[in-house]
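Taking it in order: structure first as structure tokens, then the write-up.
Where a number appears in this text, it was derived from the coordinates with a stated rule and is not lab data. Source: prediction; values computed, not measured.
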Amino acid sequence: MGSEVELRDVEVLLTLAEELHFGRTAERLHITTGRVSQCIKALERRVGAALFERTSRRVAPTPIGQQLGDQAKALRPVMDLPTIRVFISREPSKE
């Protein structure tokens, strides 16, 4: 597995940073809460640090999560282009 970050994972990160709730993030992106969790865990493995503090009552970005989210916001205008939206919404192929 390479070290590439999928655009879909970036979209999950940005949406979770806005919603601060796994369920609302999943609903907004039309994916499962399990998929949201998988995306965040994959990003955390790549970064080597927790991006969000999670408790049963709240979700909050860690300082590293906040920094990464701020940097990723620069991608938002590009991610909102229709052709990119179609690419992001596709499930990855099983190769």
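Amide H contacts for residue 50 (H built 1.01 Å from N in the peptide plane; partners 5 or more residues away or on another chain; cut-off under 5 Å): none found. Around the amide H of residue 59, modelled in the peptide plane, lies no amide H under 5 Å away from a residue 5 or more places distant or on another chain.
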